[in-house]
Amino acid sequence: MHLSRESEYGLKAMIYLAQQPPATVLTLHQIAEAKDLPVGFLAKTLQKLARHGVLQSFRGRQRGYCLARAPSQIRLREVLEAIEGADLTERCIFWGRRCGDRNPCLLHAGWREIKPYLTEFLETMTLASLAQNGGEDADSV
């Protein structure tokens, strides 16, 4: 599983929002500036996250973004699947979309063996854990 730069930026933004007081609404520009991320690119990423229900977006006077739920209720899997696609954990860690059960790569048996552990990690790791444990390291995600 190869994660894109978009996932990196999305996680940085989500961790930053998780570190704010509950229900804090921040503008796209505030988030981008705080994490030194490109505004245009981040806008598309935050829109994906809002469409998938991990962020709430607001228009009008109080425009911006906030987490849709408490950070402890947002799973890493949800964030990454919103950005990378629902088939994220089905893709081979070695050759991505070129490998699958119908067209296995040379290392497919090994991927099949470790996939449950990766899936469990993505499901059990929450945004709260990332924000707490990786708060200072969020820039190196």
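No lab work stands behind these numbers, since they all come straight from the coordinates. Just so we're clear, the structure is a prediction, and the values are computed from it rather than from any experiment. For neighbour counting, all protein chains shown are included, and Cβ atoms are generated from backbone atoms with ideal geometry for every residue, glycine included.
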Isolated Cys in the chain by the 4.7 Å beta carbon test?
-> CYS66
Starting from the Cα-Cα distance between LEU106 and ALA128, subtract it from 0.36 nm times their residue separation and give me the gain in nm to one decimal.
-> 4.2 nm
Degrees separating the helix 39-51 axis from the principal Cα axis of the chain, which is the longest one = 80 degrees
Grab the DSSP H runs of the chain that are 4 residues or longer, score each as -39,500 (n - 2.57), total them, divide by all residues and round the 222 nm result to the nearest 500 deg cm²/dmol.
-> -14500 deg cm²/dmol
Between GLU90 and GLU8, the two model label points (7 Å from Cα along the beta-carbon direction) sit apart by a distance in nm of 2.8 nm
Which one of GLN56, PRO116, LEU127 is farthest out on the positive end of the charge dipole of the chain, using unit charges on Cβ (Lys, Arg +1; Asp, Glu -1) and the Cα centre as origin?
-> GLN56
The stretch 5-136: relative contact order in percent, alpha carbon pairs under 8 Å with at least 6 residues between | 28 percent
Quick calc, the stretch 5-136, dipole around Cα centre from Cβ unit charges on Lys, Arg (+) and Asp, Glu (-), nearest 20 debye, gives 480 debye
Using only Cα atoms, find the angle between the long axis of helix 5-18 and the longest principal axis of the chain, and express it within 0 to 90 degrees, rounded to the nearest 10.
-> 50 degrees
Sequence order, the stretch 106-115: Karplus ³J(HN,Hα) from phi using 6.51 cos²θ - 1.76 cosθ + 1.60, θ = phi - 60°, Hz rounded, Gly and Pro as x, gives 5, 10, 4, 4, x, 4, 4, 6, 8, 4
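Too long at a 18 Å Cα-Cα cut-off: which of LYS12/LYS48; LYS12/LYS44; LYS44/LYS115?
LYS44/LYS115
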